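Here is the structure we will look at.
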Amino acid sequence: MRNHGWNASLVLVALVALAACTTAPAERPERQLPARARYMPYIGTPLDSFTWMARFDGWEALSDSELVIFMGADTAYYLKVSAPCGTQGLAFAHVVGLTTSVGGTVISRLDSVRTQGMNCPITEIRRLDYGRMREEARLQLAEQTSSAPAPDPKALPDVAAATPREP
C-alpha cells in the first residue's frame, strides 16, 4: 500500500512540473529584442497599407509580435502582429511571408505575416525612415573614428630593437 502512495505522489509531482512548463501563448510575456530600441526612433505614423511587389530583401524580428521588413536600399516597414506570432514568436522564426488581399497591397487589419504555419494578422503598419537611420549611423561612426586620438609615436614599440639579430 505504501508503494502505491509513493507512485501517486511521483505522478502528481510530474503532472505539476509538466503544467508549470506549459504556458499558454497569451500568458507568455512579450520578448523584446535589442534591435527594437535601435529602430523605434525612426518609426513613422501608422499607415493603412503599403505596396508590395511579392518580394522583400530581408526582415528582422524586434519582439514576438513586431518585425521590420526591408524592401530595398532605403525602404522598410515596421509591422506589428497579433501576439504571439508562430509557435514561439517572431524571435524564433526562420522564414516569414506576407499575405496580400488586394493585388500587391498589404493592408493593416486585413493581411497577415505568415510564419511557422500560422497567419498572424497585421495590426499596425508604419514606414521606417531607413535612409535617415543609415545616414545617422554613418555620421556617428565617422565622428567616432575622427575623434579617436592619434597614436603617440613615442609610445609605439621600437620594432628594430625588438627584432633579434643574426650573428
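Values in this text are rule-based calculations from the coordinates and carry no lab data. Given the structure is predicted, the values throughout are model-derived calculations rather than measurements. Using ideal geometry, Cβ is built from the backbone for each residue, glycine included, and neighbour counts are taken over all protein chains shown.
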- Once fully extended, how much extra length lies between residue 47 and residue 127, figured as 0.36 nm per residue of separation less the alpha-carbon to alpha-carbon distance? 28.1 nm
- Once phi for every residue in the stretch 36-50 is put through the Karplus expression 6.51 cos²θ - 1.76 cosθ + 1.60 (θ = phi - 60°), the whole-Hz ³J(HN,Hα) values, with Gly and Pro written as x, are 4, 5, 5, 8, 4, x, 10, 7, x, 6, x, 10, 7, 6, 8
- Message: Amide H of residue 110 versus every other amide H placed in the peptide plane: which residues, excluding those fewer than 5 positions away on the same chain, fall under 5 Å?
- Response: 122
- Message: Quick check on packing: order 96-105, 66-75 by the mean number of other C-beta atoms within 10 Å, highest mean leading.
- Response: 66-75, 96-105
- Among residues other than residue 78 whose Cβ falls under 9 Å from its Cβ, what is the net charge (Lys/Arg +1, Asp/Glu -1)? +1
- Item | Length-normalised contact order of the stretch 58-121 in % [C-alpha pairs under 8 Å, at least 6 apart] | 27 percent
- Message: Working only with C-alpha atoms, what are the Rg and Dmax values of the stretch 31-141, expressed in angstrom?
- Response: 13.4, 42
- Query: Relative contact order for the stretch 31-141: what is it in percent, counting Cα pairs under 8 Å that are at least 6 residues apart?
  - Reply: 30 percent
